[in-house]
Amino acid sequence: MTDNPWKTLSSEEKYNNNWITVTEHQVINPSGGKGIYGEVHFKNLAIGVLPLDDEHNTWLVGQYRYPLKAYSWEIPEGGGPLGTNPELSAKRELAEETGVVASKLTEIQRMHLSNSVSDELAIIYLAQDLQLGEAAPEETEDLQLIKVPFTKAVEMVMNGEITDSMSVAPILKVHLMIQKGVI
């Protein structure tokens, strides 16, 4: 089914900053009832990069995530301005957070991160042919960086140590790609 079963009666912007806009819509839902629908519009792409060296090691970034009130282990990730080549944003994020520079970057996944309330699109890259440099995180980032065997990253997903969706999905996808001999 591709037709929109929702009818929008009116829309009102409730909040706006440099990163998001929150809009409340008065709607008729698919069952014909009146209701409201809150929508979060993201002003940037979500960008994730899974670095993988020739020995199948990867780099994970640890940081405290304010909305979760918890520490999180993740692949390097951040935002990329809409209208900018996402590959350039991926290279920038990887270098900023890890100091790693990739000669080969391959898009492996596109994801909608919370499509019941937002339009946020994530683009995930596999980074290979790596060279090490110095990380230069943004001032809002207090990061811990670890290099681990890729199998350890898979274990961290499986035992719940990595819960970030932009990390879980590509780690499992690359794990399958390795098993199938694609990588």
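Among the residues of the range 57-68, the ones that are of a type outside the set (Phe, Trp, Tyr) and part of a loop (DSSP other than H, G, I, E, B) come to 2 in all. Which of the residues belonging to the range 69-98 are part of a loop (DSSP other than H, G, I, E, B) and either surrounded by fewer than 16 Cβ atoms within 10 Å (Cβ to Cβ) or modelled with pLDDT under 95 (or both)? Listed by number, the residues that qualify are Lys69, Leu82, Gly83, Thr84, Asn85.
Looking only at the range 138-169, which residues are assigned to a loop (DSSP other than H, G, I, E, B) and either farther than 25 Å from Arg110 by Cα or in contact with a strand residue (DSSP E or B) (Cβ under 9 Å, 6 or more places away or on another chain) (or both)? Give the steps one after another, and end with the answer.
At the first step, the residues of the range 138-169 found to be assigned to a loop (DSSP other than H, G, I, E, B) are 138-143, 159-164.
Of everything in the range 138-169, those that are assigned to a loop (DSSP other than H, G, I, E, B) and either farther than 25 Å from Arg110 by Cα or in contact with a strand residue (DSSP E or B) (Cβ under 9 Å, 6 or more places away or on another chain) (or both) turn out to be Glu138, Glu139, Thr140, Glu141, Asp142, Leu143, Glu161, Ile162, Thr163, Asp164.
Can you work out which of the residues in the range 123-166 that are more than 18 Å from the chain's Cα centre (by Cα) and free of Cβ contacts under 8 Å to residues at least 12 places away in the same chain is farthest from Asp54 (Cα to Cα)? My answer is Glu139. Candidates Thr2, Thr58: the one that is β-branched (Val, Ile, Thr) and either within 14 Å of the chain's Cα centre (by Cα) or closer than 19 Å to Gln128 by Cα (or both) is Thr58.
Return yes when Ile183 is in contact with a helix residue (DSSP H, G or I) (Cβ under 6 Å, 6 or more places away or on another chain), under 17 Å from Glu55 (Cβ atoms) and among the aliphatic types (A, V, I, L, M) and no when it is not. Spelling it out, Ile183 is indeed in contact with a helix residue (DSSP H, G or I) (Cβ under 6 Å, 6 or more places away or on another chain), under 17 Å from Glu55 (Cβ atoms) and among the aliphatic types (A, V, I, L, M).
The values are calculated or read from the model by the stated rules, or taken from the named source; none is laboratory data. Note that the structure is a prediction, hence the values are computed from the model and not measured. Here Cβ is always computed from backbone atoms with ideal geometry, including for glycine, and neighbour counts include all displayed protein chains.
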